[in-house]
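Presented below is the structure to which this report refers.
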Amino acid sequence: MDWKEKKVLCLGDSLTRAGIWYRRLEENLGCAVTAHCGGGLKMREIIDGGESAEGWLDPVSPELFKDKDLVIFFAGYNDREKGSAAQIRDALGYCIDRIFQELDKAENLSCRLLLVTPHCVGRYAYIHEDGYEEYPPGSGMTLRKFAKVMEETARDYSVPVCNLWEKSGICRYTWKVFAAAPGSDEVHCSEKGYERIGDVISGAVVRSFG
């Protein structure tokens, strides 16, 4: 599929709000991106609206989906307090259902949907455990397991997935290159980190949809 001038809607949190990875997507594919995102928002809040770091984010609406060729849902970083696979599945499943409901209302069910999981993060101010470590304590849930649950849930809906934990090459050895501030903020990315994510998502779009 030729993505030049195709319309893409990116739904997400602060990593999308930074505006770098999806600009890379535009450069790579020639598409035009609309972003609906807010810092600090959980998956459901991105869909239903919520108070973000930048102010109130409105709920999604059919108008937002009306003319889009692809929707990319990239979230989960702010849902890490969910300690069970069932809670993760419920949250993501709700979001997938709502996206398809809005696409139906917009009479645009031919639009594609791609799910993107979190990458391997390090420590940051409000969660000291990195992606390899158990969080919440006692839950047995690591961010790698979290990403796997997201992947499995999306596949239950027959929705393609880009698992950034497995595909991005961002890990404890490369945070010095790809993290925003190694040692203090290793969830947000440097420009190189966001560009890497944009490249990986671009590849996933092409592999998934041609």
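Its Cα centre serving as origin, the stretch 92-177 has a Cβ charge dipole (Lys and Arg +1, Asp and Glu -1) of approximately 340 debye. Length gained on full extension, GLU27 to PHE209: 63.7 nm, using 0.36 nm per residue less the C-alpha separation. Of the GluC sites (Glu not before Pro) found in the stretch 55-148, the ones in coil according to DSSP and having at most 14 other Cβ atoms within 10 Å of their Cβ are GLU81, GLU107, GLU133, GLU134. Between the beta carbons of GLU191 and TYR94, assuming R0 = 30 Å, the FRET efficiency works out to 0.35 to the nearest 0.05.
Per the Cα gyration tensor, the stretch 6-140 maps to an equivalent ellipsoid with semi-axes of 26, 17, 13 Å, ordered largest to smallest.
Rolling a 1.4 Å probe over the protein heavy atoms leaves HIS188 with an accessible area of roughly 40 Å². When the Cα positions of MET43, LEU29, THR16 are compared along the charge dipole of the stretch 1-76, LEU29 comes out farthest toward the positive end, with charges on each C-beta of Lys, Arg, Asp and Glu. Placing a pseudo-label 7 Å from each Cα along the Cα-to-Cβ vector at ASP104 and ASP58 gives an inter-label distance of 2.3 nm.
Pairs from the list LYS4/LYS145; LYS6/LYS105; LYS6/LYS167; LYS66/LYS148; LYS4/LYS105 with a Cα-Cα gap above 29 Å: LYS4/LYS145; LYS66/LYS148.
TRP165 exposes around 40 Å² of accessible area when a 1.4 Å probe is run over every protein chain in place. Charges were assigned to the Cβ only: +1 to each Lys and Arg, -1 to each Asp and Glu. The resulting dipole of the stretch 136-185 about its Cα centre is roughly 180 debye.
The magnitude of the dipole of the stretch 52-91, with charges of +1 and -1 set on the Cβ of Lys/Arg and Asp/Glu and taken from the Cα centre, is near 220 debye.
Averaging the sequence gap over all C-alpha pairs within less than 8 Å and six or more residues apart, then dividing by the number of residues, gives the stretch 118-200 a relative contact order of 31 percent.
Looking only at MET43, MET141, MET150, which one moves most when the chain is put into a Gaussian network model with springs between Cα atoms under 10 Å? For the chain, modelled as a Gaussian network with Cα springs under 10 Å, the answer is MET141.
The values are calculated or read from the model by the stated rules, or taken from the named source; none is laboratory data. These numbers come from a predicted model, not from an experiment. Every residue, glycine as well, gets a Cβ built from its backbone with ideal geometry; the counts of neighbours run over all protein chains shown. Just so you know, the surface numbers come from the protein's heavy atoms only, side chains and all, with ligands and any DNA or RNA stripped out. Shrake-Rupley method; radii C 1.70, N 1.55, O 1.52, S 1.80 Å.
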